[in-house]
Amino acid sequence: MVILIGGEKGGTGKTTLATNLAALRSNEGRDVLLVDTDKQGSASDWAAVREEIEGVPRIPSVQVFGKQVTSQVQDLEARYDDLIVDAGGRDSVELRSAMVVTDRFYVPLQASQFDVWTIERMEELVEQAQAINPSLQARVFINRASPHPQVREASEAEEILEEFEHLVFSGVVLHDRIAFRRAAGNGVAVTETESPDPKACNEVQALYDAIFEQTETAHAQEA
Ligand SMILES: Nc1ncnc2c1ncn2[C@@H]1O[C@H](COP(=O)(O)OP(=O)(O)O)[C@@H](O)[C@H]1O
Ligand SMILES: [Mg+2]
């Protein structure tokens, strides 16, 4: 399966979640390739740091740029159980090239920075991609939500996304937690650190379940 974590806004958590998902998937015994299409190369850096760590499954990574993303993903898909594509960057060539060969497209929206313009643009891209790739499933999740319980970022996102036809809210909300920053710097997932933060682990697991197991939430949103 090809999973694309993307969006045109920087700093929303694309690399953080792509790498965490790759690790969780690898720990399930799947043969995972991390495809880094962002010239910043943070996903590849993460995979390189990880090479030095004992006791965690190795995750190979490749860097692919430009329109080649489409053909490369198609070629590589046959050689791995799963491809996790980190599509960062402001330029959307990689994002658009990946969307036409992706099964699940997940877009992190940074909480408290909802920007309807960005969502509208993403909706348009999804609509175009679905014309070529009708099985593309596009979902939004919230990342870096405030840990204060009174902040209702999820319902705010749900309200905004109601108007959109192609981009659907997954129901998944991840909060701003130091555990995500720490794990990223060390080449691991939040579940692989020495003393894992259970809340961060549950959140990343919820995202994983939404993507790979078609949870109730994902279905409910579709109805
Ligand atoms: N849920 C989170 N909690 C805390 N920090 C986060 C979280 N998600 C991302 N970050 C931090 O935010 C910054 C941007 O994240 P990153 O994954 O690099 O974004 P992107 O790939 O979309 O540009 C990084 O410093 C990362 O550690
Ligand atoms: Mg990134």
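Observations, loosely collected:
- Residue check for ILE84: among the hydrophobic types (A, V, I, L, M, F, W, C) and more than 14 Å from ligand 2 (Cβ to nearest atom): no
- Only one entry of GLY6, GLY55, GLY11, GLY29 meets the criterion of being surrounded by fewer than 24 Cβ atoms within 10 Å (Cβ to Cβ) and within 12 Å of ligand 2 (Cβ to nearest atom), and that entry is GLY11.
- Any hit, segment 161-176, residues being surrounded by fewer than 20 Cβ atoms within 10 Å (Cβ to Cβ), more than 16 Å from ligand 2 (Cβ to nearest atom) and under 30 Å from ALA48 (Cβ atoms): yes
- The criterion of at least 3 residues that are within 11 Å of ligand 1 (Cβ to nearest atom), over 12 Å from the mean Cα position of the chain (by Cα) and closer than 19 Å to ARG182 by Cα is met by the following helices (runs of 4 or more DSSP H) wholly inside segment 1-113: 42-51.
- Residue within segment 128-145 that is within 16 Å of ligand 1 (Cβ to nearest atom) and not in a strand (DSSP E or B) present: no
- Inside segment 182-196, residues that are more than 17 Å from LEU207 (Cα to Cα) and charged (D, E, K, R) make up a count of 2.
- Test: ALA145 is crowded, with 18+ Cβ neighbours inside 10 Å, in contact with a His (Cβ under 6 Å, 6 or more places away or on another chain) and not β-branched (Val, Ile, Thr): yes
- Test for ALA154: is it within 16 Å of ligand 1 (Cβ to nearest atom), without any contact (Cβ under 8 Å) to a residue 24 or more places away in the chain and either basic (Lys, Arg) or touching a strand residue (DSSP E or B) at 6+ places or on another chain (Cβ under 8 Å) (or both): yes
Rule-based calculations on the coordinates, nothing more; no lab input. As the structure is a prediction and not an experimental result, all values here were calculated from the model. Using ideal geometry, Cβ is built from the backbone for each residue, glycine included, and neighbour counts are taken over all protein chains shown.
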